[in-house]
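Asks: Mind having a look at this structure? Questions to follow.
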Amino acid sequence: MERCGTGEDRRDANMMSSLEQGPQNGNMPEPNGPVLVMPSPRRKPGKWEIWRRRIFLVVFVLFCLEIGIILTVAPWTPFWTTNSLLASFPRARDFLMNGFVRGLISGLGVCDIGLAVAEAVLFRDEP
C-alpha cells in the first residue's frame, strides 16, 4: 500500500515550493536544515601584533635550539657520568648510562632542533 496525501507529504511539498520560490508574504520557510553561516572577514593584523608574533618566534626558536643542543650533547659529556645527584640512586644511574637511553635523549634533542628550524622557516606574518 502506498501512502498518498498524508500530512507529512503535504508539508514537505509546501516546504519545497517555498524554498524554490523564496519567502512568500514575508514568511520564511521552517528552518529544518543546516544554516549557512559565513565567517566574518579577516582584518589585517596591526603593526604591534606582527612585531609581537615575530618576537615570540625569535624567543621560541632560541629556546628550542638551546634545549635541543643541551639534550643532544649532554648525555655524552663527563657531566652526565659524574652526576652527584645520581650517586645515591645506583639503578637510575645505571639506566641513564645505557647507550640506548643516551641515544634516545640525544634523538629528542635533534627533534627539538628540527622543530626550531621548521618554525623559523615556515613563519609567515599573515595569520
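Asks: What nm value, rounded to one decimal, do you get for the distance between Arg52 and Arg93 when each label is placed 7 Å out toward the C-beta?
Replies: 5.0
Asks: Also: Take every Cα-Cα pair in segment 30-127 and report what % of them are more than 21 Å apart.
Replies: 59
Asks: Mean separation of Cα pairs under 8 Å and 6+ residues apart, divided by the residue count of segment 47-122: what relative contact order is that in percent?
Replies: Answer for segment 47-122 is 51 percent.
Asks: Something else now. Among Trp48, Trp80, which comes first, then next, by fewest other beta-carbon atoms within 10 Å?
Replies: Trp48, Trp80
Taken together, the values in this text are just the output of simple stated rules run on the coordinates, not laboratory data. Bear in mind the structure is a predicted one, so any value in this text is a computation, not a measurement. Please note: Cβ atoms are built from the backbone with ideal geometry, for glycine as well, and neighbour counts cover all protein chains shown.
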